[in-house]
Amino acid sequence: MRKIKSKIDWLLITSVMLILTIFQCQKNHNQREPLSKSHYKFDPGSRNSGIQAGCCELSIDHAYSKESQFGWTMAPTSEFKRQELRKSRSEFTIDGVQGDKLGFRADIPSGKWWLTCWIEAGKEDSSTMHLFLDDEEIRLQWHPFREPAEPRKNIQGIYRILHVPFDVKDGHFEFILHGNNDVVRLLGFSLTPDPVVKTDSHKAMASIIERAGTFNSRENLIDLNNLIAAKVKTDPNDPFYQYWHQQIQLLAEAEILLNYMGWEWAYEKTGLSIFSRYHQAVMILDGLLNRPDVETCPLYERALWMRAKLLYWLGEERHGMHEIAGAQRDFTILRKKYPDDQLLAMYTGEKIKSVSFCDNLLNIDGAPAWSRSQFEALCRMREIAHWWVNERQAENGEFGGKIGDDVELLRWWSSLILAGDQTALRGWKKLADEVWKNPKVYKGYSKYALDVEHASEFISDTAPLMVLYSDDPVYEERLSYSADYFQSLWTGYTIYGNRLFKSAWFGSQSVDMDPPKNRDLEYNTRALKAVRFLLWKSGNPKVLKTMHEYAKTWVRAAMDTAKSKPPGLIPGSIRFPDEAINGDEPTWYKANMYWDYFDWTAHTGSMMLDQLLFTFKMTQDSTLLEPIDKTLQFIKTYDFVSEHHSRYKTGSAEWAVSHLKNESAFWQVVSQWRLMTSDNRYDDLLLKYGTDYLRFRLTGDESFLVHGCKPVLESVSYNRPLLTSEVLVTDRVYIRGADHLKAMLTGDGVQESSSPYFAVSYQDTRETMTALVKESSTTKLHVQFFSYEHKTYPVKLRVWQLDPGDYLMTIQNKVEETTRSIRINSKGERIVFDLAQLLCDVIIKKM
C-alpha cells in the first residue's frame, strides 16, 4: 500500500472536488424564459459563503416564483457552514441549509430527468428521512448502520447521496425532503436529463463505461473521469457526458475512500476517521445503487462489489446485523453471476484451502503427533504474519487498519516471537516504537480520556511483551508511566479506604468521572497489563503494594452477595467512591456502561481473576485466590446445568454457571491457577472444561495437544486473502487457538499474554524447531524438542520461572544422555544447547 501512496495523494487532489463545476444555470433569476435544457446544479447556503463555479446560488430566502423559475416552496430555517470539515469537503459541500422540511420547485422541460442530492447524515445512523417527488413518496433505500455504543454528541462529518429518476410532464418539477426524526441538512443538488446514447461518440464511451463497471474491472476510474471531462469541456451542454462524468466521479470517490483504508496519513488528509471514510463510501455507493434500473446500470457490478466489501468488514468490526446482512445480500448477487470466483466464494462462507509452502512439510519418521501439528500450525501462522511485515507494514510501523487497531493484530504473534521468529519480532518492534511516538499517545498512554478498551490498546498490545523480547532498558522504562498513573491518577481510595479505579474512562492526563463512567470494572485490568509486566520484571515494592491494595478490594467485592450475586463471582462494576456493586443498576451482572463488553457476560470475571492470580504470584497472599476457589465450588454445585444459558432465568445461579462453562478465557485462567498451585481439588472439572494443554499436563495424553491445534489449523489453512490482502480492519484478523501454541511452547496458556506466566521462551532458533513444556515450576523445567532439520544447530533458551540457584541440566534422546551443572542468576537467564534431528528432552532441575 505504501508504494501507491503518492498516486493516492494525487487522486485525492483530483477527486476531492466531488461535484462537477460545469453545470449550466440561469444567472438572471428574474428572466421569465424557461431554464435551458441542460444540467443544473444548485449550491444552497449563505450569500456570504462561496458558490462553486457553474452553480446556481440558492439562499434561504430564494422562494419559487414564475419569474425566477426555481426556488423554495418550503424554505429552510437556517444556514450552516462546516469549516471544520474543510479537508474533506469542496466549496459545494462545505455549507448548506437546514430545516424540518425543505421543498424545491424548478420549471424545466418535459422528459426523463435525474435528481441527485447531497444530504448530511446528521445524527442518524439509520435515516428516517422521507422524499416526495411531485407529491409521490419515493422509498429511500439507504443502508442503515449500527448505532455507536456511546451516544453521539456531534453531527456526523459525512453525507448521503440521493439519486433518483423522475418524469417531467407539464414543465415543472418539485421535491420535498422531510427529516422526520432529524433535521434535513441539504448541501446541494443537481438536475440532469436522462443520458440517452445518440451519437457514435456516445456509443464508444458507453462501451468503455460498461467495461469499467464490471466486477473486478481494472479500468482506472480517474483516467476514465478525465476522459469524460474532456468531452464535457468540448460540449458542456451534452447531458450524456455530464451525467456520466458525475456518476464516474462518485464511483471513483468511493473507491478512493475504500483504498485509503486506515492509514494515519489518510486521516491527516481528510480529517475523517477510518470508519467515517468507510461509511462515506457506502453512502456514495448507496446513491449509485439504489435506483430502479440498477441491474442494467453499467456501474452496477463494480459498485456492488465495493459496497459488499465495505459492509463485510464493517460487519466484522461492529457485528451490526444490517452490515452483515447487507454484505451477504450484495455478495450473493455477484456470486450468482460469477459462481466460479473463489474470492466471492470465501466472502459467502465457503472454505477454500490456501495454497501454501506448508503443504509440503517434511513428514519425518519419529516425529510425535504433537510436534507435527505444532510444526504445521506455526508454519502457516508464520506465513500470514510475515505477509503483514513484508508486504503491508509501512515504514512508520502501521499495517493500514488505523494504529489503534493495528496493535490488535499482534495479539496472536507472541507464539511466533517467543519461539524465536525474527521477522515477526521486527514487525512488532517497529510498530511498538512508532506507537510510542504517535500523537494519540502522550507520556506512555492514550493522550485522551477514552473508554479503557480503546485507551489501553496502544500500550497494552505493544509495550509489555517487549521486556521479554529485548534487554534494552528503554522498554522497561516505558512501562513505568502506566505504574505512575495507576498509583496517582487513575485510582484512589474509596470512602471505606480501599483502592479502586475512579472510572473506566481515563487517559494520561485526565479521568472522566461523569456517571455512569465513574465505576471500576474488570476491563480496567487491561490498562494494568503494562504494570503487571513491570512488576514481574522489576519487583518494585511500591508498585507491588499498590497492586496488592487494588486486588484486595476486588476480592471483597467478589465475596459480596449484593443484588443476589453468588459469592466469588466478579461483579459487573464497582462505583467509585462508595463501592456500590454496579452503581445504581438493578443487577450485579449488567454494567450498562455503553459498551456490552463491559458486562459480566463478556468475560465472566476472567480478566479480574487473572489480575488476582498474578498478584498472588507476586505476593503469595492466598486470600487473593478465594474468588477462584469459590467460583469453582459454585460450578461444581451446579455442574448439571446445560451450556445453553438461554434456558435459565437471567442472573440466576444456573444462568451464571452456564456462562462460566462456556467461557474459554475463564478456563485459561483457572488452568494456569492449577499449574501454579498444584491444587487438585477440582481436577474433575478441569478435565471436563479446562484447556487442552492443562488436560495434557494432568494426564500425559498427547492427543489433547493435537486436538488443541485443530482450531489454529482451521483458522490458518483456509481463505488466506481474508487474513491478508482483503483485510480492511486489522483488529479482525483472528487466529483462534494461538494461545494453545503459546502454552505448548512456554507453559503459559492465558489469552493475549494478559499476565506473564511464561516458564521458558526461545531466541535465535530455526523454523524447524518444535517444543513442548511438559513440566514447569520454580525448581524444575522439562521441555521436549523435535527438529525437522538434518543438521544439528544451537538453541537458546530463556528461563523465566526458575528460582536463582544451582541446577542440573540433563539432555536425553534415544542415542545418549548428557548432564551438566548450570547456574541460574536471574529471570530470563539464557541457556544454549545443541539440538539434533531426534526427539530430545531437556530437564533442568534444582540441585
Legend entry - Qualifying residues in the stretch 375-407 (those that are among the acidic types (Asp, Glu) and open to solvent by less than 20 Å² (accessible area, probe 1.4 Å)) - the one farthest from Glu453 (Cα to Cα): Glu398
Inset, instruction - Tell me which residues, restricted to the stretch 219-240, are assigned to a helix (DSSP H, G or I), within 17 Å of Gly54 (Cβ to Cβ), open to solvent by less than 70 Å² (accessible area, probe 1.4 Å) and out of contact with any His (no Cβ under 8 Å at 6 or more places or on another chain). - result: Ala230
Legend entry - Candidate set: the stretch 736-784, residues that are at pLDDT 95 or above, open to solvent by 10 Å² or more (accessible area, probe 1.4 Å) and β-branched (Val, Ile, Thr); chosen: the one nearest to Leu612 (Cα to Cα): Thr778
Legend entry - Tally of residues being within 19 Å of Val669 (Cα to Cα) and in a helix (DSSP H, G or I) across the stretch 712-739: 2
Legend entry - Lone qualifier among Asp330, Asp365 - being among the acidic types (Asp, Glu) and closer than 30 Å to Trp142 by Cβ: Asp330
Inset, instruction - Return the residue satisfying two criteria in turn: it lies in the stretch 253-278 and is closer than 22 Å to Arg218 by Cβ and in contact with a Phe, Trp or Tyr (Cβ under 8 Å, 6 or more places away or on another chain), and of such residues it is surrounded by the most Cβ atoms within 10 Å (Cβ to Cβ). - result: Leu257
Inset, instruction - Kindly provide the set of residues from the stretch 569-586 that are surrounded by fewer than 22 Cβ atoms within 10 Å (Cβ to Cβ) and under 20 Å from Tyr638 (Cβ atoms), ordered by number. - result: none
Inset, instruction - Say whether the condition of being crowded, with 24+ Cβ neighbours inside 10 Å and closer than 20 Å to Asp731 by Cα is met by at least one residue in the stretch 465-479. - result: yes
Legend entry - Total residues in the stretch 178-200, condition open to solvent by 50 Å² or more (accessible area, probe 1.4 Å) and either over 20 Å from Pro298 (Cα atoms) or in a loop (DSSP other than H, G, I, E, B) (or both): 7
Legend entry - Scope the stretch 827-846; condition part of a loop (DSSP other than H, G, I, E, B), open to solvent by 40 Å² or more (accessible area, probe 1.4 Å) and either among the charged types (D, E, K, R) or at pLDDT 95 or above (or both); matching residues: Lys827
Legend entry - Count of the stretch 587-630 residues which are open to solvent by less than 30 Å² (accessible area, probe 1.4 Å), of a type in the set (A, V, I, L, M) and more than 21 Å from the chain's Cα centre (by Cα): 8
Inset, instruction - Quick one: which helices (runs of 4 or more DSSP H) lie wholly within the stretch 558-639 and hold at least 1 residues that are in contact with a Pro (Cβ under 6 Å, 6 or more places away or on another chain) and of a type in the set (Lys, Arg)? - result: 626-637
Inset, instruction - With respect to Glu323, determine if the residue is in a helix (DSSP H, G or I), open to solvent by 40 Å² or more (accessible area, probe 1.4 Å) and of a type in the set (D, E, K, R). - result: no
Inset, instruction - Kindly state which strands (runs of 3 or more DSSP E) lie completely within the stretch 43-109 and contain at least 1 residues that are open to solvent by less than 30 Å² (accessible area, probe 1.4 Å). - result: 56-58, 70-74, 95-99, 101-106
Legend entry - Subset of the stretch 809-826 [touching a strand residue (DSSP E or B) at 6+ places or on another chain (Cβ under 7 Å), open to solvent by 70 Å² or more (accessible area, probe 1.4 Å) and at pLDDT 95 or above]: Thr819, Arg820, Ser821, Arg823
Legend entry - Residue count, the stretch 125-154 (criterion: surrounded by 17 or more Cβ atoms within 10 Å (Cβ to Cβ), within 33 Å of the chain's Cα centre (by Cα) and of a type in the set (A, V, I, L, M, F, W, C)): 4
Inset, instruction - Within the stretch 421-445, count every residue that is surrounded by 23 or more Cβ atoms within 10 Å (Cβ to Cβ) and touching a strand residue (DSSP E or B) at 6+ places or on another chain (Cβ under 8 Å). - result: 1
Legend entry - Condition broken by Asn524, with the remaining ones in (1) among the polar types (S, T, N, Q); (2) open to solvent by 30 Å² or more (accessible area, probe 1.4 Å); (3) closer than 25 Å to Gln620 by Cβ satisfied: (2)
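The values are calculated or read from the model by the stated rules, or taken from the named source; none is laboratory data. The model shown is predicted, which means the values in this text are computed figures rather than measured ones. Cβ coordinates were reconstructed from backbone atoms using ideal geometry, including for glycine residues, and neighbour counts include every protein chain displayed. Side chains are part of the model used for accessible areas, which takes the heavy atoms of the whole protein and leaves out ligands, DNA and RNA. Shrake-Rupley method; radii C 1.70, N 1.55, O 1.52, S 1.80 Å.
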